[in-house]
Amino acid sequence: MSTTYSVIYSPQAFLDLSELYEYIRFTLQVPKTAEKQVNRIKHAIRSLETMPMRYTLINWEPWCSKGIRRVPVDNYTVFYQVDENQMTVTVIRIFYSGRNIESIVNDTNN
């Protein structure tokens, strides 16, 4: 029997998901694609309920020391943290993979 983790979203992850939906839906004007993309991301996030440690750890600071992991979903990357004591997975951020994510994270933490 496999262990099941609870998956929760940080407020910033909810905002990221909403912003990417709005960008695809309203700026690019492809509503069906926006809905499908968000559904694929949510599906990947739900899959973290089982075996969340299967994805790689981030190898740059400050996220490496915090145990942040990443799961790729199409052109997006979901960043999350696993708490084995609480049996939770917290989705931290969702970024478009073409962005300089390391730079954004470092700017946010300074």
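Bear in mind these aren't lab numbers, they're just calculated from the coordinates by the rules spelled out. Since the model is a prediction, treat every value here as computed from it, not as a measurement. Neighbour counts are summed over all protein chains in view; Cβ atoms, including those assigned to glycine, are modelled from backbone coordinates with ideal geometry.
Projected label points at Ser6 and Thr88, each 7 Å from Cα along the beta carbon direction, are separated by 0.7 nanometres.
P(r) for the chain: what percent of alpha-carbon pairs falls in each 5 Å bin, starting at zero? Calculated over all Cα pairs of the chain, the distribution is 2, 12, 22, 25, 18, 12, 7, 2, 0 percent.
Which residue, Phe26, Phe95, Phe79, tops the fluctuation ranking in a GNM of the chain built on C-alpha contacts under 10 Å? Sorting by GNM fluctuation, first place goes to Phe26.
For Glu19 and Trp60, the FRET efficiency from 1/(1 + (r/R0)^6), where r spans their Cβ atoms and R0 equals 22 Å, is about 0.40.
May I ask you to derive the relative contact order of the range 4-100, considering only C-alpha pairs under 8 Å and at least 6 residues apart, and to give it as an integer percent? Spell out each step's value before the answer.
Numbers: 139 pairs, mean separation 32.5, N = 97.
Once normalised by length, the contact order is 34 percent.
If you look at the Cα atoms of the range 37-79, you get an Rg and a Dmax of 10.9, 30 Å. Ranked for footprinting exposure by Cβ neighbours inside 10 Å, fewest first, Asp83, Asp16 give Asp83, Asp16.
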